[in-house]
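What follows is a single structure, written as structure tokens, with notes after it.
Values in this text are rule-based calculations from the coordinates and carry no lab data. This structure is a prediction, so every number in the text was calculated from the model and none was measured. All Cβ positions, even for glycine, are placed from backbone atoms using ideal geometry, and neighbour counts span all protein chains on display.
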Amino acid sequence: MKLAKEIGRISRLDRYKRPEKVKGAAKLDSNENFALDSEFIAKIAAEAARGADLREYPLDELGHLYGQLAKYIGISEKYIGVGSGSDQIIELLLATLAGRGSRAIVFVPTFSYFIDRCELNGIRVDEVPLGKDFELDARKFVRRAKKADLVYICSPNNPTGNQLDKKTVQYIIDSLRGKLILVDEAYADFAGYSLAREATRRDNVVVLRTLSKAFGLAGARVGYMVTNRKLAGAFKSTIQSPYPISTLSLTIATRVLERSAQVKKTIEEVKAERKRVFDRLAQVDGIKTYRSDANFLFIETGKRYRAIAKELEKEGIIVRLLGSAAGHSGCMRVAIGTREMNDRFLSCVERAVVA
Ligand code: PMP
């Protein structure tokens, strides 16, 4: 039976493993932004809850969010679409603009949710490995991409942290006209450049952004995309469901965006901490840390993996343990948290290595 076969196929697919919540632990495994003051967000959330009438569907609130997003990125709202996290926008674009039987190309390692989602939608994924220092052979990538319908570029890349040089990405985009190109900029607020403006001028490029990372709103589930006017219009009127984001999340997101000066200050603090943690780890024998343009670091710990993982567990610090990845051994992805969280993480690594 066709239905049973399809359910069987879906049950065998790789799936996103949701991290476990450990009470009291320092959570450095999901690239959230704990450097943003929790009181700042909690106060805005409480005010939003007091003012909301949840008996009504959200109407004006969506418009207010569009207005604030446009202001933050300096691009008219005609080019913007919003969703319940960028995860949901990815899902909608895959289902409507790619679909069963089409082909995607990605470099690896990259954001595994994207690959899983392609497979769920019956989209075949061609994986081009990144080089030793996570650089991309762009010519090879373009050559292989000629056979694809859909191209995914994570910029900065999760889990490696690096953002490919702007010229390289521009070359890929220039070489692949007519294919849908998704540039996932979930971490671009911490990086050197964004292609959002470029996407408004192209008929095939979508830049994906989110408030889950720099804006400290992972729990509110608000993502957005920037693309050409026609696709943004079709997305708003037809592709997106009428009420994808709750009144509470819309109001909270709008108010946090109104105070983006405070968020920008935190972004600078995170970037300074990223440098400090990187420099400290560079002093530790036997491990290698990779340059990052995001709010996390990719660390290759080799033989020290077990000892470091054990020490972190003992200290109640959760990081993303990746094991072997892309020819590197004992890999971990660790978010940059508050100075205090980062210090606790660094002490664990330093202790495990001398032990
Ligand atoms: N893209 C990348 C590269 C991510 O790392 C994440 C979050 N893990 C997302 C998209 C999804 O973010 P959101 O919370 O907006 O769904």
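Figures for the structure shown
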read-out	value
Average Cα contact separation per residue, the stretch 114-189, under 8 Å, 6 or more apart, as relative contact order %	31
Residue of 295, 342, 31 that the Gaussian network model of the chain assigns the largest fluctuation, springs spanning Cα pairs under 10 Å	342
Peptides ranked, highest mean first, by Cβ atoms within 10 Å: ranges 134-142, 99-107, 43-51	99-107, 134-142, 43-51
Furthest towards positive pole of dipole, 73, 194, 241, structure part the stretch 38-258, Cβ charges	194
Highest-MSF residue in the chain out of 327, 63, 219 [GNM, Cα springs under 10 Å]	327
Calculated P(r) tail over 34 Å for the chain, as whole % of Cα pairs	27
Karplus-derived 3J(HN,Hα), 6.51/-1.76/1.60, for each residue of the stretch 254-262, Hz, glycine and proline x	4, 6, 5, 5, 4, 10, 5, 4, 5
Prolate/oblate/rounded call for the stretch 19-100, Cα gyration tensor, a/c under 1.5 rounded	oblate
Cα-centred dipole magnitude for the chain, charges only on beta-carbon of K, R (+1) and D, E (-1), debye, nearest 20	960
Non-local Lys pairs in the stretch 38-258, i.e. 8 or more apart or on different chains, that have alpha carbons under 12 Å apart	4
Within the chain, percent of DSSP bridges classed antiparallel, to nearest 5	50
Most mobile of 225, 332, 341 in a GNM of the chain (Cα contacts under 10 Å)	341
Mean Cβ count within 10 Å, highest first, over the residues of peptides 75-81, 87-93	87-93, 75-81
For the chain, with +1 on Lys and Arg beta carbons and -1 on Asp and Glu, the positive-most of 101, 308, 33 along the dipole	101
Normalised contact order of the chain, rounded percent, pairs of Cα under 8 Å and 6 or more residues apart	22
